[in-house]
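This report concerns only the one structure given below.
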Amino acid sequence: MFRRRGDGLIASAMLAPAIAILSIFVVYPLGRAVWLGHLRCDATGRKCRTSGWMQYFDVLRSSDFQHALKVTFVYALLTVPAGLVIGVGLAVLADKQIRGIGFFRTIFSSTVATSVAVASLIWFVLLQPQVGLLPDMLSMFGVMKNPGLLNDAGTALPAIAITSIWANLGFTFIIVTAALQSIPAELFESAMMDGAGGWKRFTNVTIPMLSPTLLFVSVVLVTRAFQAYAEVDLLTKGGPNPERSTETVTYLIYGQTSLVKNDIGLKSTTAVLLFVILLVLSLVQFRSLERRVHYGN
Amino acid sequence: MAGVQLVKVTKNFGSVVAVDDFSLDIADKEFMVLLGPSGCGKSTVLRMIAGLEAPTSGEVFIGDHLMNGVAPKDRDVAMVFQSYALYPHKTVRANIEFPLKTRGVDTKLRAAAVADAAAVLGLADLLDRKPGQLSGGQRQRVALARALVRDPQVFCMDEPLSNLDAKLRGETRSELVALHQRLGSTFVYVTHDQVEAMTMGSRIAVIVAGVLQQVGSPTDVYDRPANIFVATFLGTPPMNIFPAQLFEAGEHSVGVRPEHVRFVDSHSGGVEATIRLVEHLGHEVHVTGVLADGTVVVARHGGEEASPRSGDTVTVSAEARHRHRFDVSGRRLA
């Protein structure tokens with residue numbers, strides 16, 4: 001409790017900017033989206049009629065949403081574990097005090113400064129069947145060159161996943177590198193004295209000491225995977241069709257192929273459902289992984 | 001068990017010479033203390049014995065085996081770190097058994113060894129706790145248990161008591177000495193604390209600026225310091241150093257321990273000093289005075305004796321047998 005009335009006023013004044021910003025940019029849009037979720041609207045979003053709160057269940061049961069949700073889950077499964085493993089691997093490799101390592105650290109972390117749009121364009125060129133390097137390389141191993149990885153229903157999602165893994169690598173690398181540098185060197189030396197080789201030091205010291213960071217990074221990567229839009233829009237536009245094999249939930253909400261295009265009511269319903277699913281998923285991640293996480297003394 | 005031998009060992013970190021042409025024989029079952037001020041290179045010597053640093057030149061032997069190029073895990077050396085370096089995510093039991101687990105020791109044997117080590121160090125009730133739930137003293141015991149569970153040839157300890165409070169440090173000091181006697185292993189112990197060195201070591205190696213100054217028993221090093229550095233580093237308050245002319249003929253320096261400074265009658269010879277500070281510590285009194293030439297003199301005597309007061313002018317002297325003589329380069333004469 002505040003000791004003096006003045007303290008309460010000062011505290012309120014200091015909190016006011018944060019409360020105002022959160023209210024305007026988070027609480028109001030969320031509340032508005034939930035409200036819009038029971039409406040069907042025209043293209044302007046102004047002429048809406050109530051469709052009932054059951055609309056949430058209708059969307060949940062719809063084949064479009066279930067298809068997009070399945071694609072999104074697969075996309076998360078393709079991007080998160082691989083992104084985490086590669087990011088941690090590179091960070092561990094670069095966590096050495098040797099000459100020139102700064103160059104590699106800069107290279108490995110550079111994608112953090114690359115926008116999704118730029119990353120998508122780079123990979124769009126690389127994956128092009130006519131001029132891209134990757135199809136040529138893959139064709140050498142007997143993998144088909146045409147119609148191209150992005151145009152094949154079986155390979156389009158993994159191809160976008162590669163883009164996403166690459167784009168997120170800088171983020172994972174920087175966060176894990178910072179965490180690695182906060183592990184006391186004596187713990188590794190102690191493990192060396194105790195007879196632990198490189199792998200045992202990694203599993204008995206590095207991973208447990210990184211666990212809070214890994215939990216954080218995995219939650220962020222899952223969230224990013226569930227919000228994937230730009231890379232899908234730029235690389236495949238949700239296709240190839242008719243399979244709609246890269247149509248994620250976010251693309252279902254905003255994308256060109258969406259059957260509910262411009263209906264802000266139905267889009268809000270889908271967006272709120274995505275929010276709830278992500279919330280539940282994050283809670284599940286925290287609950288299931290937190291037992292294995294060590295937060296230090 | 002085995003002794004440790006360092007032969008002309010040098011360690012450079014870039015252009016900095018951390019340890020310079022360092023040779024030392026540590027006998028089997030000896031409790032050797034490496035003593036010196038912060039940054040003198042004593043921990044580097046210990047880390048070279050443990051294998052955590054490679055010597056730039058010179059040789060390190062454990063027993064009869066040359067250890068240059070041998071990995072820490074293959075040296076049969078255990079180390080207790082200043083911060084204890086316990087694995088915070090493992091229980092006390094898992095911490096203690098980890099060195100055995102990495103060596104593929106059978107589960108039953110591991111459990112028995114952990115129980116033994118825990119019993120020796122009074123940790124039996126704490127085995128299922130995590131280090132974060134332990135006090136500093138208990139963590140220190142876990143670090144010791146993890147070291148001794150392997151039954152290594154050599155124990156290396158890098159200032160293991162420095163994070164403990166004064167009372168616990170005193171208790172643990174005597175426990176470590178008892179543990180050394182009980183195990184009969186070779187202990188190499190690094191400290192900057194002269195009390196630890198004097199009370200624990202079979203011998204003390206005094207190091208400054210990476211150079212070994214003197215090796216000897218605590219009594220030898222205290223009573224016959226090899227040079228002015230050793231003389232002034234050991235002892236609280238440190239030895240007084242005077243120009244010889246104040247007491248006798250010659251160009252050398254004369255050192256007198258504070259406990260050997262006497263207040264005498266002005267007619268019986270000695271040097272006049274003005275008392276600036278009198279510190280009563282209960283069991284003893286430290287009296288600080290200044291000679292006419294500005295030299296500071298500190299005397300120490302029992303608390304029951306009458307002390308001069310601040311501002312008094314007194315005559316100080318020291319018996320010839322209590323005077324240590326050092327040449328102009330600071331080395332002991334005779």
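The values are calculated or read from the model by the stated rules, or taken from the named source; none is laboratory data. What you see is a predicted model, and the numbers here were worked out from it, not measured in a lab. Methodologically, a virtual Cβ is constructed for each residue, glycine included, from the backbone with ideal geometry; neighbour enumeration extends over all protein chains shown.
Take B:Ala244 and tell me if it is at pLDDT below 95, touching a His at 6+ places or on another chain (Cβ under 7 Å) and surrounded by fewer than 18 Cβ atoms within 10 Å (Cβ to Cβ). Show your work before the answer.
On the way: at pLDDT below 95: yes; touching a His at 6+ places or on another chain (Cβ under 7 Å): yes; surrounded by fewer than 18 Cβ atoms within 10 Å (Cβ to Cβ): yes.
Considered against the rule, which asks whether it is at pLDDT below 95, touching a His at 6+ places or on another chain (Cβ under 7 Å) and surrounded by fewer than 18 Cβ atoms within 10 Å (Cβ to Cβ), B:Ala244 comes out as yes.
Looking only at the stretch B:298-325, filter to residues that are hydrophobic (A, V, I, L, M, F, W, C) and outside any loop (DSSP other than H, G, I, E, B); which one of those is surrounded by the fewest Cβ atoms within 10 Å (Cβ to Cβ)?
Filtering the stretch B:298-325 down to residues hydrophobic (A, V, I, L, M, F, W, C) leaves B:298-299, B:306, B:314, B:316, B:318, B:320.
Now drop any that are not outside any loop (DSSP other than H, G, I, E, B), which leaves B:298-299, B:314, B:316, B:320.
Values: B:Val298: 20, B:Ala299: 27, B:Val314: 21, B:Val316: 24, B:Ala320: 8.
In this case the residue turns out to be B:Ala320.
Within the stretch B:273-289, track down each residue that is assigned to a strand (DSSP E or B), over 15 Å from B:Pro237 (Cα atoms) and either modelled with pLDDT under 90 or aliphatic (A, V, I, L, M) (or both).
Initially, the stretch B:273-289 is screened for residues assigned to a strand (DSSP E or B), giving B:273-280, B:284-289.
Pick out the ones that are also over 15 Å from B:Pro237 (Cα atoms) and you get B:273-276.
Correct list: B:Ala273, B:Ile275.
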**Prompt:** Out of (1) more than 9 Å from chain A (Cβ to nearest Cβ); (2) at pLDDT below 95, the odd one out for B:Met32 is which?
**Reply:** (2)
**Request:** Go through the stretch B:49-149 and tell me which helices (runs of 4 or more DSSP H), entirely inside it, have 1 or more residues that are over 27 Å from the mean Cα position of the chain (by Cα) and away from every other protein chain (no Cβ under 14 Å).
**Result:** B:92-102, B:107-120
**Request:** Scan the stretch B:74-109 residue by residue and report those that are surrounded by fewer than 16 Cβ atoms within 10 Å (Cβ to Cβ) and either in contact with a Lys or Arg (Cβ under 8 Å, 6 or more places away or on another chain) or of a type outside the set (A, V, I, L, M) (or both).
**Result:** B:Asp74, B:Arg103, B:Gly104, B:Asp106, B:Thr107, B:Lys108
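Can you name every residue in the stretch B:273-289 that is among the hydrophobic types (A, V, I, L, M, F, W, C) and surrounded by 15 or more Cβ atoms within 10 Å (Cβ to Cβ)?
Filtering the stretch B:273-289 down to residues among the hydrophobic types (A, V, I, L, M, F, W, C) leaves B:273, B:275, B:277-278, B:281, B:285, B:287.
Scanning the stretch B:273-289 gives B:Ala273, B:Ile275, B:Val278, B:Val285, B:Val287.
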**Asked** Do we have any residue at all in the stretch A:279-295 that's within 11 Å of another protein chain (Cβ to nearest Cβ) and either free of Cβ contacts under 8 Å to residues at least 40 places away in the same chain or surrounded by 16 or more Cβ atoms within 10 Å (Cβ to Cβ) (or both)?
**Response** yes
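For the stretch A:170-241, which helices (runs of 4 or more DSSP H) that fit wholly inside it have 3 or more residues that are over 21 Å from A:Ser288 (Cα atoms)?
Numbers: elements: A:185-193, A:198-201, A:207-226, A:230-235.
Counting at least 3 such residues, we get A:185-193, A:198-201, A:230-235.
Considering only residues of the stretch A:177-210 that are more than 29 Å from B:Pro152 (Cβ to Cβ) and crowded, with 19+ Cβ neighbours inside 10 Å, which is farthest from the other protein chains (Cβ to nearest Cβ)? Explain how you work it out, then say what you get.
Filtering the stretch A:177-210 for residues more than 29 Å from B:Pro152 (Cβ to Cβ) gives A:177-182, A:210.
Among the residues that remain, those that are also crowded, with 19+ Cβ neighbours inside 10 Å are: A:177, A:179, A:210.
Values: A:Thr177: 20, A:Ala179: 14, A:Leu210: 11 Å.
It comes out as A:Thr177.
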**Asked** Out of all the residues in the stretch A:117-133, is one or more buried (at least 20 other Cβ atoms within 10 Å of the Cβ), within 18 Å of A:Pro240 (Cβ to Cβ) and more than 22 Å from the chain's Cα centre (by Cα)?
**Response** no
**Request:** Restrict the check to the stretch B:185-203 and report whether at least one residue is over 30 Å from B:Val17 (Cα atoms) and more than 13 Å from the chain's Cα centre (by Cα).
**Result:** yes
**Asked** Within the stretch A:20-51, can you find the residues that are at pLDDT 85 or above and small (Gly, Ala, Ser)?
**Response** A:Ala20, A:Ser23, A:Gly31, A:Ala33, A:Gly37
**Some residue of the stretch B:135-151 being of a type in the set (Asp, Glu) and surrounded by fewer than 16 Cβ atoms within 10 Å (Cβ to Cβ)** = yes
